[in-house]
Amino acid sequence: MNKLLFALIGYYFLRFPGAVLGYLIGSFFKSGVNKISNKEFELNLLALASLVIKADGKVTQNELDFVRRYFVSAYGKMRANEVFKIFNQNIKNKGISLNKISTLFNTALNYESRLQVIHFLFGIAKADGNISKLEIEKLLEFSNLFKLSYADFLSIKAMFIEETDNAYKILELEKSATNDQIKKSYRDLAKKHHPDKVQHLGDAYVKAAQDKFQKIQKAYQNIKVERGF
């Protein structure tokens, strides 16, 4: 129930990234996931968010608002204020250890959950309308520390940044892929991300899955038109 509630809240405020991260956070309340406390997760996630915001040397109000809006929507104003207060007093000016965070997350979170953290951080970087080269480098650093594949990183990146070969990256392929490889990758991803897979989680998660599923379909259709098969 907590997972669905937080996914609904997240989707209402931040659409797909919010629904996914909300589901992840909600799962913590159910089982205290894998030896990480709720507060540990919140503070370390906030630490990562702060590093993304500062990556290009510019701190924009849109990025700050994006993070605060999510924490308030997920936890309530009082608890969000407490998390921000603890972070500002005990972490912000005392240095953030990426190695400690990555060790904790790699131990406590499964691969899919770490992917969703990167997806959320991309949303922060995009909040001011543009993701800079320095922000991309920082996000790639996080992705490597979280032991995510480069193909998965590029697939997430392609959801936020328009490039000439976006369709291939969304399908986790090189442009040199054969038609058969493209068809196989599309089938595998379509099966993996089909909205029917998450019907039991409720409407918010189904809508979020539909959004990603449609992007996969659009990428495949664009390649079909380009190649004429």
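The values are calculated or read from the model by the stated rules, or taken from the named source; none is laboratory data. Please read all numbers here as calculations on a predicted model, not as lab measurements. FYI the Cβ positions are ideal-geometry reconstructions off the backbone, even for glycines, and counts take in every protein chain you see.
So here's what we get for this one:
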{"quantity": "Unmet criterion (only one of (1) assigned to a helix (DSSP H, G or I); (2) at positive phi; (3) not small (Gly, Ala, Ser)) for Phe122", "calculated": "(2)"}
{"quantity": "Residue pairs meeting the criteria (Cβ under 9 Å; at least 6 apart or on separate chains; first of a type in the set (Gly, Ala, Ser), in the range 49-61; second surrounded by 20 or more Cβ atoms within 10 Å (Cβ to Cβ) and modelled with pLDDT of 90 or more)", "calculated": "Ala55/Ala125; Ala55/Glu135; Ala55/Lys138; Ala55/Leu139"}
{"quantity": "Residues of the range 155-173 satisfying the condition of being among the charged types (D, E, K, R) and either closer than 16 Å to Phe120 by Cβ or part of a loop (DSSP other than H, G, I, E, B) (or both)", "calculated": "Lys157, Glu162, Glu163, Asp165, Glu172"}
{"quantity": "Looking only at the range 92-139, and only at residues there that are β-branched (Val, Ile, Thr) and more than 20 Å from Tyr70 (Cα to Cα), the one that is nearest to the chain's Cα centre (by Cα)", "calculated": "Ile136"}
{"quantity": "Inter-residue pairs, beta-carbon under 7 Å, first under 17 Å from Tyr150 (Cβ atoms) and in the range 107-123, second small (Gly, Ala, Ser), 6+ apart", "calculated": "Ile118/Ser143; Leu121/Ala49"}
{"quantity": "Candidate set: the range 174-189, residues that are at pLDDT below 90 and within 22 Å of the chain's Cα centre (by Cα); chosen: the one farthest from Lys215 (Cα to Cα)", "calculated": "Asp188"}
{"quantity": "Of all residues making up the range 103-120, the number that are farther than 16 Å from Met159 by Cα and β-branched (Val, Ile, Thr)", "calculated": "2"}
{"quantity": "Members of the range 125-154 that are in contact (Cβ under 8 Å) with a residue 60 or more places away in the chain and not in a helix (DSSP H, G or I)", "calculated": "Ala127, Asp128, Gly129, Ser132"}
